[in-house]
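**Student:** Can you read through this structure? Questions will come right after.
The numbers here are math on the coordinates, done by the rules we state, and not lab data. Everything numeric here is computed off the predicted structure, so don't read it as measured data. Positions of Cβ are generated from backbone atoms using ideal geometry, with glycine treated the same way; all protein chains shown enter the neighbour counts.
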């Protein structure tokens, strides 16, 4: 039995989301989900106060009864809690799989920097609210059941990491930024103007010295500006990769959508590649 | 006679903007403005291609017939040209005053890091388009004429620097980031969600070790989210300053508005303070 603790380091989910995800989990007899009550708390923008979110995350990570910790939702907030929560993690956290994306990348980054457990860029329970969102949630339930069909298809002999562009840009040079030398870094973005995407790549690529390459996931729901930017997101990524001599490896099958594939960090789960 | 070259490292201005600013300058007999033709060029989002903007900026900086270089407008684009332009600056640039704000802070940051000339956070010609914008443009023309009434009122014995929050956050840890130890850093923002302001402060404050303090300018035109953030921009600034033991010095009189006061970097222009 794979026991999965779900907490919300960023924004809250509703009981309805939890119930619909539990209903899907009934199809996976090897999986047991437990939603921490903190998932439903509220404090302004966040799923409870900073202290409540630190407490819930540390509790889930340190409970040896769980095999995995799954972030319920993104939306911003992990930056306020991850450093303190990691400081409270015990040895029980080290064997766990941690799943998140979007703002949850702040947790994945900090875990990977500290070499705690296995960070996995993956859909979250809140994705059930997307049209057709069941397929995204099932991809994670399948992965946790041992299926490998949901893995991002470009994964090869390189260690990898995957992040939302803004989220990783905000980690650069700070105490949660993982070392990514030798890695292929997969980047996706959503709901930004292209000029902001360009600005974020300006910043991020200045911090990616030594990476093996960059892949661009989907850049969805691009905001319109009063002027056309003049090139698309892939041209932006190519521009900044070229500027910093980072090999551009093409597209990645990740994004803020139901097709968002699973990216275990490093070389995890790829037999023969380790 | 103070001769001022105007170019556009970011977005373009119209001939109408140039004419209205020139009309105001007629009231300042000690000031002569020259708009570089590049100000009116267009290449997608930008005031000409990256190469054209590098060329115009280097030309203005290296022309010993000018005493000051004034950025025409912000809006994003300086990140694509400043490093290359600075690499082409000659000794003629070292005696000049450089005026900009918003995206132009990328230029101010790079200049200050390289100790080239005097960077000044100040209104730009494009501010003439704001209601009552003449007062902002006149503030700069007065400053260049030797008036000191337009200086930001908190300036004291500390060296200072002023930036847009997003702009400085994108410089952190990169090749254009100036050393700000011992400085009071003035920060303003516009047109962002409060969660994004919080996220930017999370990032920025991790890079401001050793500063003497932080002052918060105006955080204007805050975008509405689907949920109230729960605290205001000043509470956000205080939170992140406390987290990093940065003294919070209160408010600053800068922002994306016509009241935006003038901040010469370092201790420039403050007799007795140097």
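**Student:** Tell me the distances, shortest first, between residue B:37 and the same position across the other copies, using label points 7 Å along Cα→Cβ, in nm to one decimal.
**Tutor:** For residue B:37, the other copies' label points sit at 7.3 nm, shortest first.
**Student:** Taking each pair of different alpha-carbon atoms in region A:15-94 once, compute 1/r for the pair, average those values, and report the inverse of that mean as the Kirkwood hydrodynamic radius in Å to one decimal.
**Tutor:** Value: 13.6 Å, from the Cα pair sum.
**Student:** Further question on the same structure: Give the percent of DSSP beta bridges with both residues in chain B that are antiparallel, rounded to the nearest 5.
**Tutor:** Expressed as a percentage, antiparallel bridges in chain B total about 10.
**Student:** For chain A, what relative contact order do you get, as a whole percent, if you take Cα pairs closer than 8 Å and at least 6 residues apart?
**Tutor:** Relative contact order of chain A: 17 percent.
**Student:** Please report, for residue B:2, the nm distances (one decimal) from its label point, 7 Å out from Cα along the beta-carbon direction, to the equivalent points in the remaining copies, shortest first.
**Tutor:** For residue B:2, the other copies' label points sit at 6.7 nm, shortest first.
**Student:** Report for the protein assembly as shown the percent antiparallel among DSSP-assigned beta bridges with both residues inside it, nearest 5.
**Tutor:** Details: 8 of 70 bridges.
Of all bridge pairs located within the protein assembly as shown, approximately 10 percent are antiparallel.
**Student:** Given axes a ≥ b ≥ c from the Cα gyration tensor, I'd like to know whether region B:186-272 is rounded (a/c under 1.5), prolate (a/b larger than b/c) or oblate. Please list the in-between numbers first.
**Tutor:** Details: a/c = 2.59, a/b = 1.37, b/c = 1.90.
It comes out oblate by the Cα gyration axes.
**Student:** Who wins for biggest fluctuation among A:223, A:111, A:171 in a Gaussian network model of chain A, springs between alpha carbons below 10 Å?
**Tutor:** Of A:223, A:111, A:171, the Gaussian network model singles out A:223 as fluctuating most.
**Student:** Which residue is it, in chain A, whose C-beta lies closest to the A-to-B rotation axis, and what is that distance in whole Å?
**Tutor:** Spelled out, residue of A and its Cβ distance from the axis onto B: A:173, 2.
**Student:** Once every Cα of region A:58-177 carries one equal point scatterer and solvent is ignored, give the base-10 log of I(q)/I(0) from the Debye formula at q = 0.14, 0.18 Å⁻¹, two decimals.
**Tutor:** Here the Debye-derived log intensity ratios amount to -0.59, -0.99.
**Student:** For B:160, B:135, B:211, what's the fewest-to-most ordering of other Cβ within 10 Å of each Cβ? Numbers along the way, then the final one.
**Tutor:** On the way: B:160 25, B:135 15, B:211 21.
Going from least to most buried by this count: B:135, B:211, B:160.
**Student:** Which of B:116, A:236 comes first, and how do the rest follow, when ranked by fewest Cβ neighbours within 10 Å?
**Tutor:** The most exposed by this proxy come first: B:116, A:236.
**Student:** Related question: Can you pull a Stokes-Einstein diffusion coefficient for the protein assembly as shown at 25 °C (0.890 mPa s), Rh from Kirkwood over Cα pairs, as a whole number of µm²/s?
**Tutor:** This corresponds to a translational diffusion coefficient of 100 µm²/s.
**Student:** A further question on this structure: Taking a point 7 Å out from Cα toward Cβ as the label site, list the nm distances between residue B:251 and the same residue in every other copy, smallest first.
**Tutor:** For residue B:251, the inter-copy label distances come out at 4.9 nm.
**Student:** Here's a follow-up. Can you list, largest first and rounded to whole Å, the semi-axes you get for region A:129-274 by taking the square root of 5 times each eigenvalue of its Cα gyration tensor?
**Tutor:** 25, 21, 13
**Student:** Hey, in the GNM for chain A with a 10 angstrom Cα cutoff, which one of A:173, A:109, A:255 fluctuates hardest?
**Tutor:** A:173
**Student:** Determine the distance separating the Cα centre of region B:179-252 from the Cα centre of region A:199-262; give it in Å without decimals.
**Tutor:** If we compute the Cα centre of each part, the gap is 27 Å.
**Student:** Further question: Give the average, rounded to an integer, of partner chain Cβ atoms located within 10 angstrom of each Cβ in B:168-174.
**Tutor:** For peptide B:168-174, the averaged partner shielding equals 6.
**Student:** What list do you get for A:140, A:2 if you sort them by fewest beta carbons within 10 Å? Spell out each step's value before the answer.
**Tutor:** Values: A:140 27, A:2 16.
Going from least to most buried by this count: A:2, A:140.
**Student:** Next question. Quick check: the angle from helix B:194-205's long axis to the longest principal axis of chain B, C-alpha only, nearest 10 degrees?
**Tutor:** Result, in degrees: 80.
**Student:** Once you compute Rg and the Kirkwood Rh from C-alpha atoms, what is the Rg to Rh ratio for chain A?
**Tutor:** Numbers: Rg = 17.7 Å, Rh = 18.6 Å.
Value, to two decimals: 0.95.
**Student:** Across the residues of B:113-120, average count of Cβ atoms on other protein chains within 10 Å?
**Tutor:** Partner Cβ neighbours, averaged per residue: 0.
**Student:** Among B:242, B:136, B:233, which one moves the most in a GNM of chain B with springs linking Cα atoms closer than 10 Å?
**Tutor:** Among B:242, B:136, B:233, the largest mean-square fluctuation in the Gaussian network model of chain B belongs to B:242.
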